[in-house]
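Just so it is clear, none of the values below were taken in a lab; they were calculated from the coordinates. This structure is a prediction, so every number in the text was calculated from the model and none was measured. Here the Cβ positions follow ideal geometry from the backbone for every residue, glycine too, while neighbour counts run over all protein chains shown.
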Amino acid sequence: MNIGVSTACLYPLETELALESIGKAGVKYTEIFFNAMCELKQSFIDILLDIKDEYEINVVSLHPTMSLAESFMIFSAYDRRYREAEEQYRRYSEIAAQMGAKYIIMHGGKPNGILTDEEYCERYMRLNEVTMENGVRVLQENVVRFRAGDIEFMRSMKNILGNDAAFCFDIKQSIRCGYDPFDLIKEFSENIKHFHISDHSTASDCLLPLDGGFEFSKFFDLLKNNLYNGSCIIEVYRDSYKEYEDIFNSYCRLKNTVANCYK
């Protein structure tokens, strides 16, 4: 079980500075969230690779900057626009391969999209074919106000694609969608390849791990029983903490929780 911190936690700190801060804090696993198209240039990727190597960071996954546009770019009826998105994802998969990352995280289409579930899954698999040229898999995230925020759509993807339906499961997004995270994890355990983790309380649906009431010991026991051996990446927003140090203190405490669960 690998615990890490997403560069998104430090937003709006520039991506390279966020990665460097994570490295300096001794965090060994991360997800890199890209925030501008200029960050896809090889000269910028070389900077990230230097930081990654200097601090011996394992990059598990990438999060494209086009998340809010994916419904428009990928899951519309306009094929030419999809082809442009395909090229962007091909570039992300090239970057992921350079960094040793296995996954690209996708928010996907909006609930008012015109594609049927079958057409959506077909488009998802077409995108996977492109990224798998570089050995990288696209994961559908369960994001509120997106199609996969609905459990019925997740079930539909699983029914249509079987093991090819691969999910990134986000705890805070599950809460925002009105679902018990444990119920969703149990139902989709075979399809979940990656986790975004956070805590919550009655006052806030997004807190740093162990700052709220989420039962992390129960969570890690469940993952252990499901033989999950991937990564759990802390992903929170800037208003979820006061100082960057709070993130890394949460990370250290969470690693201790994991160690106790995996004795």
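Pull out the extension gain between residue 53 and residue 41, defined as 0.36 nm times the separation in residues minus the alpha carbon to alpha carbon distance; nm, one decimal.
On the way: separation 12, 0.36 × 12 = 4.32 nm, distance 1.85 nm.
Length difference between fully extended and current span is 2.5 nm.
Output ³J(HN,Hα) for the stretch 224-231: one whole-Hz value per residue in order, computed from phi by the Karplus curve 6.51 cos²θ - 1.76 cosθ + 1.60 with θ = phi - 60°, and x for Gly and Pro.
Result, ordered by residue: 4, 5, 8, 6, 6, 10, x, 10 Hz.
Do the alpha carbons of any pairs in 41/172; 28/242; 52/193 sit beyond 27 Å of each other, and which pairs? Mind showing how you got there, number by number?
Values: 41/172 32 Å; 28/242 23 Å; 52/193 23 Å.
Over 27 Å Cα-Cα: 41/172.
With only Lys, Arg, Asp and Glu charged, each at its Cβ (+1 for the first two, -1 for the last two), find how big the charge dipole of the chain is about the Cα centre; round to the nearest 20 debye. The partial results should precede the final answer.
Values: 29 positive and 41 negative charges, 66 e Å.
Once rounded to the nearest 20, the dipole reads 320 debye.
Rank 77, 63, 21 by how far each Cα sits towards the positive end of the charge dipole of the stretch 2-261 (+1 on Lys, Arg Cβ; -1 on Asp, Glu Cβ) and give me just the farthest.
Value computed over the given set: 77.
Calculate, in nm to one decimal, what residue 186 and residue 87 gain on full extension: separation in residues at 0.36 nm each, minus their alpha carbon distance.
Values: separation 99, 0.36 × 99 = 35.64 nm, distance 3.49 nm.
Separation in residues times 0.36 nm, less the Cα-Cα distance, equals 32.1 nm.
Using the Cα centre of the stretch 1-85 as the reference point, and only Cβ charges (+1 on K/R, -1 on D/E), how large is the resulting charge dipole? Debye, rounded to the nearest 20. Don't skip to the end; give the middle numbers.
Working: 7 positive and 13 negative charges, 65 e Å.
The calculated dipole for the stretch 1-85 is roughly 320 debye.
How would you rank 214-220, 98-104, highest first, on the average number of other Cβ atoms within 10 Å across their residues?
On the way: 214-220: 16.9, 98-104: 19.6.
Answer by packing, highest mean first, reads 98-104, 214-220.
Out of residues 5 or more away from residue 11 or on other chains, whose amide H comes under 5 Å of its own, with H placed 1.01 Å from N in the peptide plane?
Sorted by chain and number, the residues that satisfy this come to none at all.
Given the peptides 183-192, 63-72, arrange them by the average over their residues of other C-beta atoms within 10 Å, most packed first. Working shown, then result.
On the way: 183-192: 16.2, 63-72: 17.8.
Ranked from most to least packed, the peptides come out as 63-72, 183-192.
Tell me, how many Å apart are the Cα centres for the stretch 217-233 and for the stretch 154-193?
Result: 14 Å between the Cα centres.
For residue 221 paired with residue 2, estimate the spin-label separation in nm (one decimal), with each label point 7 Å from Cα along the Cα-to-Cβ line.
For residue 221 paired with residue 2, the spin-label model returns 2.7 nm.
Check which residues have an amide H placed less than 5 Å from residue 4's amide H, if you skip close sequence neighbours.
For residue 4, whose amide H was placed from the backbone, the distant partners under 5 Å are 232, 233, 234.
Hey, can you grab everything whose amide H is under 5 Å from the amide H of residue 104? Only 5+ residues off in sequence or another chain; H modelled, so Pro and N-termini drop out.
62, 137, 138, 139
Toward the positive end of the charge dipole of the stretch 136-263, about the Cα centre and with charges on Cβ (Lys, Arg +1; Asp, Glu -1), which of 217, 229, 196 goes farthest?
Ranked along the dipole, the leading option is 229.
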